[in-house]
Structures are given as C-alpha cells and as structure tokens.
Amino acid sequence: MDSRSINLRGFAGNAGKNIMQGIGGFVFGNERSESKEDSYVERFLDRISNGTISDDRRSAMTELQSLVAESRSAQMSFGAMGFPVLLNVLKEDREDVELVRGALETFVSALTPIETSQGPKTEVQPASVNSDLLSRETENISLLLSLLSEEDFYVRYYTIQLLTALLTNSLKRLQEAILLIPRGITVLMDMLMDREVIRNEALLLLTYLTRDAEEIQKIVVFEGVFEKIFSIIREEGYSDGGVVVQDCLELLNNLIRQNASNQMLLKETIGFDPLIAILKIRRGSAFNFTQQKTVNLLGALDTVELLLMGGGSSGEPGKDANKTTNQTALAQKNILDHLLLLGVESQWAPVALRCMALRCIGNLVLRNPQNLDSLASKQVGEDPHVQPALSAIFSIILRTSVAQEFVAADYVFKCFCEKNPGGQALLASTIAPHPNQAHATFGATTDMPFGSILLQALVSSDDNGDMEACCRASSVLSHIIKDNLQCKDRVLQIQLETPAPSLGRTEPLLHRIVTCLSIAASAEGENGQSGQPEESYIQPVILRLLIVWLVDCANAVDCLLESAVHLNYIIELASSKRYSACVRGLAAVVLGACVLYNASREKGRDAFAVADAISQKIGLSTYFLRFDELRKRFAHSSSGQQNRKQLSRSSANSMSDFQEIEEEEINKGDQHPVLSEIFDSHFVCFLSKLETDIRDNIMDIFSRTKTATAIIPAELEQKNGEVDGEYIKRLKSFVEKQCNEMQDLLGRNAMLAEELVRTGGGNSADSLQKPSSGRERVQIESLRQELEGATQRIEALRAEHTQIEAEASNQRNLAAKLESDLKSLSDAYNSLEQANFRLDSEVKALRQGGSAPYPDVEAIKAEAKEEAEKESEAELNDLLVCLGQEQSKVEKLSTRLAELGEDVDTLLQGIGDDTALPDDDDDEDEDDE
C-alpha cells in the first residue's frame with residue numbers, strides 16, 4: 001500500500017500538486033491542500049490508478065464520486081491530482097464500462113458548483129477552476145466526443161452531461177475546441193436521434209454551443225437541424241409539450257437571431273407552417289394556459305419577432321429586403337389572425353403572452369402596405385360583438401392596468417402610422433365628437449367609431465379626472481399626426497364645447513390638451529406631497545404630443561399662442577423645480593418649437609416675443625440647461641432599455657409575469673418604465689436635432705434687432721425757423737449716431753447669445769473663465785473687431801502677394817523663352833560663320849595651289865565648237881557626194897527600164913521604205929558575224 005502511494009505521488013503528485021500550488025493553492029489557500037478530504041482523495045486515486053482488482057477500483061471510484069459531489073475541498077483536491085488518473089481510465093479502460101461510468105460521473109460532480117453559506121460570495125468556485133483545467137487541452141474534448149459513440153447508454157448520458165457542465169463555465173474555449181475537432185458537431189447532432197433522455201441533454205448542449213457562435217450555427221444548420229427541431233416539437237405536441245419544446249425553440253432562436261442566411265434557409269426548406277402550428281390555440285381555452293405552455297408560446301412568438309426584425313445588424317445591406325420577405329411570407333400563412341387571437345381577443349391569456357403578440361402585430365405591419373391594409377380591415381370578436389381590430393387594440397390601451405400592455409398596444413399604432421400617410425388620414429378622418437358622446441358612459445364604446453372613442457378619452461379628464469386615459473389617448477394621437485401636416489391641420493380644426501356649455505363657446509382641441517396638461521400637473525403635485533416615489537409618465541406623454549404637433553406646423557404654434565396663459569403655463573413647467581427633469585426639459589422643447597416654427601407677425605405672439613419671455617422669466621442660461629438635463633435623463637433610460645433579456649430557461653419563468661417585473665422596475669428607480677419604452681432612441685435623436693435648431697434660432701433672434709417701432713424721436717422733427725441745410729446736417733449726424741449705437745448693440749447681443757448658448761451646453765467650470773462684466777465684454781468685442789480687421793488686411797496682403805508671385809512667374813517664363821530664342825539664333829549664326837570660314841579657307845587653298853593662270857573657259861568652249869562644226873561640215877560633204885552618185889545610178893536604171901517597157905514609177909513605189917529594213921538587218925547580221 002505504501003509503495004502504491006509513492007507511485008501515485010510520482011504519477012499524479014508532481015503533475016497535480018504543481019497545478020494545485022499554481023492555481024488552486026493561490027485561489028483557495030494552502031491550508032485546504034492538507035485537509036482530511038485531500039488525503040481521502042489521494043487514497044481513492046491511488047486505488048484507481050494502481051489497483052489490480054476491478055471491484056476494488058470500481059468501489060474506489062464510487063467513493064471518490066460521492067466525496068467530490070459533497071465537498072468543495074474534495075473538488076479542489078481532485079482538480080489538483082485526479083484529472084490525469086481519470087483521463088487515463090477513459091483512454092485505457094474502455095472495456096470496463098462500469099469504471100468508465102464512474103469516471104464520467106466523478107468528472108460531472110467535480111464540475112458542478114456546490115452552494116455553501118460559508119465564505120465570501122466573491123470566492124472562486126472549484127468547479128469553474130476544474131472546468132478551466134479540463135477544457136484547456138483540445139485532446140480532452142476530443143476524448144469526450146469519442147465516448148459518445150459508445151454503446152452503453154450511461155456512458156453517453158454522462159458524457160453529454162459533462163460537456164454541458166463544461167459549457168456553463170468555459171463556453172468560448174469549448175466552442176473553439178469543438179470547431180477544431182473533425183466531425184465534432186456531427187457527433188453531437190447524431191445525439192438528437194438517440195433515446196429521449198440523451199436527446200434532451202443534446203438539445204441543451206447545442207443550445208449552449210450555438211450562442212453567439214456563427215461558425216457553429218452554420219455547421220448545425222448544414223447538418224439539418226431545422227428538420228430535427230420541428231420533428232421533436234411535433235412529437236412533443238407543439239405548445240402543449242414540456243420543457244423540451246422550450247429548448248427546441250431556444251435553439252431555433254439562437255440560429256436565426258441576426259442571421260439572414262439561416263432565416264432564408266428556414267423559409268425555403270421547412271417553411272413557416274410548423275411555426276404557425278405552435279401558435280394555434282382554440283377559442284375559449286381559458287384554463288389550458290399552464291405556465292409551461294405560456295413559456296412555449298412566448299418562445300414561438302420570440303421566433304416570429306426575430307423573423308420580422310430581419311437578420312443582420314442595423315444598417316446591414318439586404319436586411320430590409322429580408323424583413324419584407326418574412327413579413328409577406330408570414331402574412332400569407334394568416335399569422336395575423338393567430339396574433340390577434342392571442343393578443344386582442346384572448347384577454348384570459350397571460351399578460352406577457354398578450355404583450356408579445358401585440359409587439360409581433362406591430363412588427364408585422366411596419367412599413368408593409370399589404371399588411372397595413374389587412375390590419376385596417378380586420379374585424380375581431382364574435383357576433384354580435386364584432387369591432388375593428390384597431391378599435392379593439394385602442395380599447396386595450398384605455399382599460400389595461402398593466403403598463404407593459406399599454407406600451408405594447410401603443411407600439412401597434414406607432415408601427416401602423418409610421419410612413420403610412422394614408423392610414424394616418426384614415427384614422428384622423430374619424431376624429432369628431434359623437435352625437436351621443438355627452439351621454440355615453442366612458443368605456444362603453446363598442447358602437448362608436450375609433451375617432452370618437454379617442455376624442456372621448458382625450459376630454460375624459462373634464463368628466464371624471466381620468467388623466468390616465470387622456471394620457472394614453474394623447475400617445476395614440478401623436479402617432480396619428482406625426483410627420484403629417486394635413487392630419488395636424490385637420491385635428492387642429494376640431495372644436496369642442498367648453499367645460500361651461502351654457503356660455504355657448506367652443507375651443508380648439510389643442511387648447512383642451514393644454515388644459516389636461518395643467519390638470520395632470522396639479523395632480524402630480526398632490527402625489528408628490530403625498531410621498532409617492534415613482535415619476536408619473538402622464539405629463540411627459542402629453543408634452544410629447546405637443547412637440548409632435550408643433551413641429552413644422554405654424555398654424556398649431558399660432559393656435560397655442562392665442563392665449564397668453566398657455567405660454568406662461570409652459571414657461572412655469574420649464575422653470576419650476578417642483579416638476580421632474582423630464583417634464584422641465586420637454587416643456588423647454590415646446591417653448592423652443594414655439595420660437596422655431598413661429599410664422600406670426602403679430603406683436604406679442606411672434607418668435608421674438610416668445611424668446612424674450614424665455615429670457616426674462618427663465619433666463620437663457622437656465623433654459624439651455626434644461627436640454628442638458630433632458631439629454632442625461634434619456635441617456636440613462638436608453639442604457640437600461642438595451643439590456644433586454646433573451647428568452648431562456650433562466651428567464652422564461654420570470655418573463656411570464658409582467659406585473660412582478662413592473663413592480664421591480666418601479667422599485668429600482670424613480671423613473672416609470674413606460675418612459676423608457678415610449679421615448680425610444682428614434683424620438684431621442686429627433687429631440688437632439690431639434691435642440692440644435694432651437695439653439696441656433698434663438699442665437700439668431702438675439703443677434704437681430706427687435707421689429708421697428710412706430711414712435712418717431714423728437715430729433716427727427718424740424719424746428720421752427722430752422723434752415724433746410726442745417727436740418728439735413730442734423731439728421732445726418734443723428735442717423736450716424738443711431739447706426740453706431742445699433743452696430744454696438746448688435747455686436748453685444750450676438751456675443752451675449754453665444755455666451756449663453758455655450759453656458760447652457762457646457763459645464764460650469766468653463767463659465768467661470770468667461771468675462772463677467774460689461775466693460776470686459778466691450779473690450780473683448782473691440783479686440784475682436786481689431787482682430788477681424790487685421791485678419792482682413794492680412795488676407796488682402798496675401799492676395800496681393802499671390803498676384804505679384806503670379807506676375808513674376810509669367811515674367812520668368814517669358815525671359816526663359818527669349819533666352820532660348822536668342823540661343824537658337826546664336827547657334828545658327830555660329831554655324832554660318834563656320835561655313836563661311838571653311839569656304840574662305842578652301843578659296844585661299846585653291847589660290848595658293850599654283851602660279852599658272854586660270855584657263856579661259858569661254859575660249860575653250862569656242863574652240864571646241866569650232867572643231868565640232870568643222871567635223872560636221874566634212875561629214876555632210878561626204879554624204880552629199882554619196883547621194884549624188886546614187887541619184888545618177890537611179891536615173892540610168894530608170895532609163896533602161898523605160899526602154900524595156902516597164903513602168904518605172906510603179907516599180908519605185910515603196911522601194912525606199914522596203915529596202916531600209918533589210919539593209920539594217922543585214923548590217924546587224926554582219927555586225928553579229
């Protein structure tokens with residue numbers, strides 16, 4: 001036994017204890033390494049490693065597993081010494097199935113955290129350290145994957161459990177290792193066709209593996225995971241199935257989340273019919289919504305939402321096209337009917353399910369003309385209580401007591417109205433007082449059109465003080481008129497009876513909205529005095545409606561400013577510290593819109609009057625600080641909005657009950673959760689751009705003078721007895737003086753506006769460094785003007801210098817050209833001089849060659865001509881002699897022929913021509929011979 005212990009220390013002690021001292025000893029302390037569990041672990045490992053009796057080795061393995069499963073210190077000791085021993089068992093003792101089972105089960109126990117009340121919470125878990133040690137080598141993962149092909153059921157089952165335990169602690173490392181192992185994913189995919197228990201564990205394992213792992217997702221989809229997922233869901237009974245259906249849907253969502261190619265492959269291979277089958281429920285099945293069924297339906301709706309959002313990140317090319325394709329394909333499967341049944345008609349369904357279904361309806365119709373028309377024409381309910389789907393959704397907004405359901409239903413109207421001017425006009429056309437509205441009971445609105453219900457909710461605060469309904473109706477109205485000038489003007493023309501109808505007066509709807517805002521403010525003041533901690537969302541939502549209404553609508557601005565009470569009240573909202581930072585900031589935006597989009601020229605209602613009221617009653621510095629407070633508040637809410645949990649086993653149960661979540665969110669902070677949902681990132685960006693325009697516009701207003709006054713100064717009147725010339729001189733001096741004063745005032749106003757803008761947008765530390773007295777500002781202004789003059793002179797000198805340099809460059813080019821021409825002429829002259837010199841030299845040489853005089857050419861020519869004439873004359877004489885002799889011969893022959901009776905002329909005809917050629921030929925023949 002002692003020798004075996006020595007062998008164990010030689011085998012595992014040197015390798016294991018070094019790791020223990022380097023990792024476990026540093027983390028857990030050296031005292032635990034000498035604990036009682038350490039010695040037990042060492043004995044069991046010695047028996048397993050060096051034992052010769054199989055039963056004894058199996059017994060030691062069983063005892064080791066029990067010890068490791070119960071003690072954290074045993075887990076630590078096993079991680080330091082036991083890994084090499086048990087890995088060797090998995091490699092060398094495959095025949096001993098029971099021993100391999102025990103080794104795998106021991107590994108699982110060593111990687112499973114043990115909760116204990118002792119020790120600090122920040123203490124490192126031995127299970128996580130053991131996971132890190134086991135996953136450090138890729139060959140260990142490869143060894144475990146090879147065990148999945150074993151015939152024994154428990155070997156495969158414990159191997160799957162061990163891989164799952166590794167994933168919980170070392171996800172990234174195990175994902176990288178499995179990608180490096182050939183056919184690693186394929187082996188895991190084969191487990192989906194195994195027995196039910198192993199299949200379920202393989203599902204959970206693949207769910208972990210596919211999280212944020214694009215390469216693994218591609219391989220899994222290539223292996224046909226979609227068919228297997230929906231086959232398992234069908235076998236389990238769709239939404240009536242157990243947690244296995246939930247795991248299948250979570251795996252499916254991991255594969256299609258922000259992955260357009262996988263979404264397209266799902267649509268083209270399996271289609272959306274299996275997904276629609278999960279969402280099918282029977283009408284009236286009020287008591288069939290168990291918690292697990294609710295979670296399964298939430299998972300299916302999460303899948304639908306991912307498909308409707310499209311794959312890829314924001315702004316990625318092709319995302320919108322894939323989104324539109326998915327919207328069309330799902331609509332063709334009549335998914336809108338199932339979503340309306342879950343979200344609108346099934347009020348007995350869990351609230352989380354209704355909210356998710358409503359959000360899916362909004363995403364289904366968003367910027368899709370066909371789906372928008374389909375929703376606008378849908379009817380819900382059963383006879384005789386049938387009503388339009390949009391009216392039913394608006395009824396949910398008014399009557400629900402859950403804030404999250406209000407947000408989800410409001411999201412439907414937001415998506416319906418976005419980039420849909422036809423739909424906005426359709427809804428706006430129905431907004432009118434109903435004949436029976438005055439006698440109708442609030443809530444009994446099934447027989448009233450949509451617009452009348454909306455209008456009744458907007459004025460409900462006059463009857464029973466229901467500010468909640470007024471606020472929610474204001475949110476819907478803001479969607480209807482957003483970015484639609486025709487709808488804004490149409491709603492602006494709606495006239496309502498005053499709260500005292502006996503007076504026979506009416507007022508615009510916009511004035512009634514401001515009245516509702518004041519009622520909400522007084523109610524909030526009472527709640528604040530009563531000690532309620534949460535911030536109300538009623539005032540911010542109504543202020544958002546005013547902002548949307550006033551933007552790009554000068555008529556709305558003019559209508560709001562018809563009564564000075566409205567302007568004073570909004571100024572009070574922006575200045576009073578009794579209200580929240582959100583309310584003050586939004587009220588400041590409303591005031592800025594009244595300045596920016598003000599087209600009135602009437603005194604007291606123009607842009608200058610509003611800006612002047614802001615400056616006097618709030619102060620420009622304080623006013624601009626309201627924008628900074630609002631921006632910080634929205635930045636805080638948007639950061640919390642991004643932390644949306646994905647639907648998983650750990651979060652599914654909590655997501656099934658929104659009421660508990662809502663209470664937790666209210667208790668966490670003072671901001672209502674509705675504000676973070678309604679004031680989304682798009683609206684915050686819109687406010688940020690609007691804030692910049694407001695700052696620039698107000699700075700421009702204070703840089704200009706006020707409108708011309710009708711009062712004529714006394715200096716302009718001509719005095720009695722004053723000569724016209726003196727009167728004109730006095731007018732000139734007065735005008736010059738006024739111009740100088742106006743320029744000085746303009747400069748000071750511009751500088752003051754810039755300073756206030758910077759003070760509003762910067763921090764207080766910068767404001768301490770700025771001039772505080774008027775004298776310093778005047779000095780700075782004069783220095784600035786001198787600097788501008790010097791800058792202008794410098795620019796003029798630079799321009800003159802540039803012109804001079806250009807002229808000098810032209811002169812240099814001209815001089816270079818003339819110099820080149822002169823050089824060419826000089827070269828030509830030199831060549832001529834050289835040729836002349838050469839000819840002169842030749843002449844001199846000829847003259848110096850001899851003393852004989854030059855021959856007379858003319859004399860030589862005359863002598864030669866004379867000799868030639870003499871020779872020609874001699875030859876001519878010889879020819880004449882020959883001709884004479886021949887003539888005499890002809891005469892004699894002619895006489896003789898005549899005597900003989902021949903016709904001489906006939907004989908002589910052609911003789912000269914005929915005889916010339918033979919003679920020539922004969923001469924040539926003689927020459928040839």
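Worth pointing out:
- The Cα-based radius of gyration and maximum Cα-Cα distance (Dmax) for region 229-289 are 12.9, 39 Å.
- Per residue, the solvent-accessible area of region 221-365 (1.4 Å probe, heavy atoms of protein chains only, all protein chains present) comes to 36 Å².
- Taking packing as the residue-averaged number of other Cβ atoms within 10 angstrom, the listed peptides 831-838, 266-273 run from highest to lowest as 266-273, 831-838.
- Centroid-to-centroid separation of region 590-619 and region 465-480 [C-alpha atoms, Å]: 27
- With a 1.4 Å probe rolled over the protein heavy atoms of all chains, the accessible area of LEU336, LEU897 falls in the order LEU897, LEU336, largest first.
- Each residue, ASP878 and ARG730, gets one label point 7 Å from its Cα in the Cβ direction; the gap between the two is 14.2 nm.
- For LYS844, solvent-accessible area (1.4 Å; no DNA, RNA or ligand), Å²: 130
- Within the straight-line cut-off of under 24 Å between alpha carbons, the lysines reachable from LYS732 are LYS706, LYS719, sequence neighbours fewer than 8 places apart in one chain being disregarded.
- Relative to its Kirkwood radius, the Cα radius of gyration of region 136-263 gives an Rg/Rh of 0.94.
- Built amide H within the under 5 Å cut-off of VAL380, gap 5+: GLN387, ALA389
- Area of GLU677 that stays accessible when all protein chains are in place (1.4 Å probe, Å², to 10): 70
- Spin-label model, PHE686/ASP821: points 7 Å from Cα along the beta carbon direction are separated by 7.4 nm.
- FRET efficiency, 1/(1 + (r/R0)^6) with R0 25 Å, evaluated for LYS218 and LYS91 via beta carbons: 0.20
- Here the label points at LEU179 and SER66, each 7 Å from Cα along the C-beta direction, are separated by 4.4 nm in the simple model.
- Accessible area of VAL590 (1.4 Å probe, protein heavy atoms only, ligands and nucleic acids ignored): about 0 Å².
- Efficiency of FRET between SER128 and ASP320 - r from beta-carbon atoms, R0 41 angstrom, step 0.05: 0.45
- Peptide ranges 861-870, 160-169 listed from the most packed, as the mean C-beta count within 10 angstrom indicates: 160-169, 861-870
- Within-12-Å neighbourhood charge of ALA868 [Cβ basis; K, R +1; D, E -1]: -4
- Solvent exposure, largest accessible area first (probe 1.4 Å, DNA, RNA and ligands not counted), of TYR238, TYR569: TYR238, TYR569
- Computed from backbone phi, the HN-Hα couplings of region 589-601 come to 5, 4, 4, x, 5, 5, 7, 5, 10, 8, 10, 7, 10 Hz, rounded to whole numbers (Karplus: 6.51 cos²θ - 1.76 cosθ + 1.60, θ = phi - 60°; Gly and Pro given as x).
- When ARG47, ARG472, ARG847, ARG784 are compared by accessible surface with a 1.4 Å probe, the order from highest to lowest is ARG847, ARG784, ARG47, ARG472.
The values are calculated or read from the model by the stated rules, or taken from the named source; none is laboratory data. Bear in mind the structure is a predicted one, so any value in this text is a computation, not a measurement. Using ideal geometry, Cβ is built from the backbone for each residue, glycine included, and neighbour counts are taken over all protein chains shown. Heavy atoms of the whole protein, side chains included, go into the accessibility calculation; ligands, DNA and RNA do not. Shrake-Rupley method; radii C 1.70, N 1.55, O 1.52, S 1.80 Å.
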